[in-house]
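Note sheet for the following structure.
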Amino acid sequence: MAPLFHTNAAYWIAVALSGSLVLAGACAFLYQIYHGIGVWGLNSPVFWAFDITNFVFWIGISHAGTLISAILRLANATWRRPVTRCAEAITVFALSIGAIIPLCHTGRPWLGYYLIPYPSERHIWPNFRSPLLWDFFAILTYLTGSVSFLYLPIIPDFASLRDTTSGWRKRFYGTLSLGWEGTPHQWHRLETAMQIMAIVIIPVAVSVHTIVSWDFAMTLVPMWHSSIFGPYFVVGAIFSGIAALILAMALLRKSLHLEEYLRPLHFQNLGKLLLTMSLLWFYFTFAERLTTWYGNSNSDMVVFWSSIRQNFAPFFWIMVVCNFIIPVPILAIKRLRTITGTVIASITIVIGMWIERFLIVVPSLERKFLPYSWGTYRPTWVEDTLMAGSFGMMALLYLLFSKFVPMISIWELKAGETHPLISHEPVVAADPLADETPLTTETSS
Amino acid sequence: MPHKWAMVIDLDRCTGCEACVVACHAENNIATVGDDQAARGRAKHWIRVERYWEGEFPEARIRFQPVLCQQCDEAPCEPVCPTYASYHTPEGLNAQVYNRCVGTRFCANACPYTVRYFNFYNPVWDKPLNLQLNPDVSVREVGIMEKCTFCVQRIRGAEIQAEAQKRELKDGEFNPACVQSCPPKAMVFGDLNDPTSEVSRLAKSGRSTKLLGELGTLPNVNYLERSS
């Protein structure tokens, strides 16, 4: 809990830096609203580029929490305990950033409410056949689920903070803890709720990134119209999500002095998961490229060669190096799978996955069916600033979160220590009658 | 019987003069984007004349192909628009409802013919060209997608006139601006549901092909192949 009460200069510098990036991004956005999307580098035929690349990238990063919290929780992997809250926080913030981007990339964002299905004065519902609308619902569902999944396990920690602080902090945590008293009945409710959320959030997360992939796969555009996109994107999302999580954990470990809680074992286990995802990612990429090449369709091959050999070749091969060639040896060889090793692998993977998203969106659009209409794309300063702003926003949200909420789940750790064989049992004497006895939930005194 | 509007373009007759492009700009309030924007790939021509070179000098030949919105029966741009701005009319046209467009640009990506255009900036007409705008056609603001409508304002105008006069539309009574302005008369427009129309006759020609027909978009523009 110490980081919540002691702030050092480094924190303020970090907040200032990320805050200024966010401010720059906001200014760039206002500039874009005033002048029009023309200030971006888009043209005909490349109507999506950095905007959708970043959208898919952030939604992908948001799959960190789901895998760690939900799947590891269900698999009873006890080593996950210190890591769950970091992961769930990444999910909520990355998802929020990813959800804002589609609203901001439209030509007339002030009419974004046209996508909300309500009985409007325009007497028309939105088009439910559009993958963009599926995005709207999927992301909204996932956001709601992730926020609950993040919030529920924090309630007992908020209650501990309420009980141990005073003044404005006491009132603040008092409101957030929702009258938690730690009764067996409440613990049982919490455990049930978390169990349900853990099971429910997995199909939601899988469907979200599948639906995002269908923004591409549901069109006829060469090398977009591929049935592999659904699973490919989900695998890529989990891949980049774990990498982002490792980076966040390493940063928190150093800055908040959590060396006792975030041990090399955690990085090693996450590193093994990352290795698995890297191999899976390589498999999907290879399968997609091989089948395209073998099929030898005219329009597909134009896009294929532009990525492998021509103007996008440097990006493509850097991506392969970053996603596969560097991480696999680091993560596979036990001696290299240290905290530093996994961090290096994660950095290259985050870069590589961003490039992968870019290579999915832009080469296909540059070379569609009619060669007369082929084009090229270059980003402008506005798109670069917006992208930097999104990274700044992520950092800023995370920094603020770490100031108000303990990054390590205190009660889960204690539960793990006191009852090492039972993963979910709360730290209360196991009373067989506790569940049946009706206890009224008392409000905080 | 409802109308089904279609077009036939004879590639043997097309000389690549681009009168259709100019006429379309004049009729539909399409501004020029300027050379800087055009160099960045943002030229807005609802109908464009594509030019392909075949062979090497001195046997080099040019092929011209006017490409406009094909008004596909199975338009890939329609299912993807989240606000129904791109929708199919009962007369077989793919309509673009400017008021509903929020500018996601998904339709432009989905269109295999790249015939959809985006207003990257607010359109600008240098004086006195701003006085030349067609009052029958709206001026689209920044952030809106637009494309060829088969001059729907002329279609509706003629239909309303015919209804007021309690008669049927005659074949060739009106034409979109591009068809009207084509000097070698390479373009023909009409009702496919009328078996006596010129369009129906030409569409049955042995030279009739569809652009990217293999994609299954069922376009309503027939191209008569060059016989030379």
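FYI, it's all coordinate maths here, none of it is from the lab. Fair warning: this is a prediction, and the values are worked out from it, not measured in the lab. Glycine gets a Cβ as well: all are built from the backbone with ideal geometry, and neighbour counts include every protein chain shown.
Quick notes on this structure:
- Approximate spin-label separation B:Tyr98-A:Ile351, in nm, with each point projected 7 Å along Cα-to-Cβ: 4.7 nm
- A:Leu290 versus A:Leu74: modelled label distance in nm, points set 7 Å from Cα along the beta carbon direction: 3.0 nm
- Here the stretch B:115-130 and the stretch B:164-218 have alpha carbon centers that stand 29 Å from each other.
- Distance cut-off 39 Å, percentage of C-alpha pairs in chain A lying past it: 25 percent
- For a label point 7 Å along the Cα-to-beta-carbon line of A:Arg129, residues of the stretch B:189-228 with backbone N under 11 Å: none
- Around A:Asn323: net Lys/Arg minus Asp/Glu count, Cβ-Cβ under 12 Å: 0
- Sequentially through the stretch B:173-186, phi angles give Karplus couplings (6.51, -1.76, 1.60; θ = phi - 60°) of 5, 9, 9, x, 4, 5, 5, 4, 8, 6, x, x, 6, 7 Hz, Gly and Pro residues having no value and appearing as x.
- Sites A:Ile13 and A:Phe172 - FRET efficiency at Förster radius 30 Å, r taken between beta-carbons, to 0.05: 0.75
- When B:Asp12, A:Asp163 are sorted by how many other C-beta atoms sit within 10 angstrom of their C-beta, beginning with the fewest, the order is B:Asp12, A:Asp163.
- Contact order normalised by residue count of the stretch B:1-126, Cα under 8 Å, 6+ apart, percent: 25 percent
- Converting the Cα gyration tensor eigenvalues of the stretch A:184-233 into ellipsoid dimensions via √(5λ) gives semi-axes, longest first, of 38, 7, 5 Å.
- Estimated 222 nm signal from helices in chain A, with DSSP H stretches of n ≥ 4 weighted -39500 (n - 2.57), rounded to 500: -22000 deg cm²/dmol
- Theoretical ellipticity at 222 nm over chain B - DSSP helices of four or more residues, -39500 (n - 2.57) apiece, nearest 500: -5000 deg cm²/dmol
- Rg and Dmax of the stretch A:255-408, based on Cα coordinates, read 19.5, 62 Å.
- For the stretch B:5-224, the pair-distance distribution built from all alpha carbon pairs, in bins 10 Å wide starting at 0, is 8, 31, 38, 20, 4, 0 percent.
- Cβ-Cβ distance of A:Leu400 and B:His88, R₀ of 56 Å, FRET efficiency by 1/(1 + (r/R0)^6): the value works out to about 0.70.
- Per-pair calculated FRET efficiency, R0 = 51 Å: A:Arg122 and A:Arg263 via Cβ, rounded to 0.05: 0.35
- Shape analysis of the stretch A:102-194 places it in the prolate category; the axes a ≥ b ≥ c from the Cα gyration tensor give an a/c of at least 1.5, with a/b above b/c.
- Of A:Lys368/B:Lys185; A:Lys272/A:Lys403; A:Lys334/A:Lys403; B:Lys44/B:Lys166; B:Lys147/B:Lys185, pairs whose Cα-Cα distance is over 32 Å: A:Lys334/A:Lys403; B:Lys44/B:Lys166
- Neighbouring Cβ atoms from other chains, within 10 Å of the Cβ of residues in B:210-222, number 1 on average.
- Counted charge near A:Leu161, where neighbours are those whose Cβ lies closer than 11 Å (Asp, Glu -1; Lys, Arg +1): +1
- Centre separation in Å (Cα based) which lies between the stretch A:73-105 and the stretch B:6-32: 53 Å
- Difference of contour (0.36 nm per residue) and Cα-Cα distance, B:Thr196 to B:Gln180: 3.8 nm
- Sorting A:57-65, B:2-10 by average packing, meaning the other beta carbons within 10 Å per residue, from highest down gives A:57-65, B:2-10.
- Using the average count of surrounding beta-carbon atoms within 10 Å as a protection proxy, the listed peptides A:131-144, B:145-158, A:192-205 rank, highest first, as B:145-158, A:131-144, A:192-205.
- Model label points for B:Ile62 and B:Ser227, set 7 angstrom from Cα along the Cα-to-Cβ axis, are 2.4 nm apart.
- Convex hull volume of the Cα atoms of the stretch A:1-128, normalised per residue: 200 Å³.
- Shielding of A:102-112 by partner chains, average beta-carbon count, 10 Å: 5
- Computed Rg/Rh of the stretch B:89-156, alpha carbon atoms with Kirkwood Rh: 0.98
- Measuring how big the stretch B:1-63 is from its alpha-carbon positions, Rg and Dmax come out at 15.8, 52 Å.
- Zone residues, the stretch B:16-34, relative to B:Leu129, backbone N less than 17 Å from point 7 Å out along Cα-to-Cβ: B:18-34
- Exercise: per-residue mean of other protein chain Cβ atoms within 10 Å, A:33-46: 6
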